Amino acid sequence: TDQQLDALLAEADRILAVFQSLLRIANIEKGRRHQPFVRVDLPTLLRDVMELYEPLAEEKQITLRHHI
């Protein structure tokens with residue numbers, strides 16, 4: 001369905017973002033930082049992480065809470 005396709009594309013985007021972050025970290029550790037650091041909106045990042053892991057936490061009967 002369209003809804004499933006949208007969910008799969010969103011997950012692929014998240015995986016790609018994680019992979020790019022890991023590559024960036026590896027390059028920084030090797031002293032090959034090509035891009036300057038950028039500001040990160042931590043509240044938005046935290047909300048995204050919570051949204052990503054909430055279903056898994058619920059399956060394991062874990063409650064995730066945050067306070068921004």
Discussion item. Looking at the range 56-68, can you tell me whether even one residue there is part of a loop (DSSP other than H, G, I, E, B), out of contact with any His (no Cβ under 6 Å at 6 or more places or on another chain) and touching a residue at least 24 places away in the same chain (Cβ under 8 Å)?
Written reply: yes
Item to complete: Could you please let me know if E59 is open to solvent by 100 Å² or more (accessible area, probe 1.4 Å) and either more than 16 Å from the chain's Cα centre (by Cα) or at pLDDT 85 or above (or both)?
Response: yes
Worksheet item: Any idea which of (1) outside any loop (DSSP other than H, G, I, E, B); (2) modelled with pLDDT under 90 is the one R14 doesn't satisfy?
Response: (2)
Worksheet item: Hey, among I68, I15, which residue is at negative phi and under 14 Å from the mean Cα position of the chain (by Cα)?
Response: I15
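The values are calculated or read from the model by the stated rules, or taken from the named source; none is laboratory data. All values reported here derive from a predicted model rather than from experimental measurement. Here the Cβ is made from the backbone with ideal geometry for all residues, glycine too, and neighbour counts use every protein chain on show. The accessibility values were calculated without ligands, DNA or RNA, using every heavy atom of the protein model including side chains. Shrake-Rupley method; radii C 1.70, N 1.55, O 1.52, S 1.80 Å.
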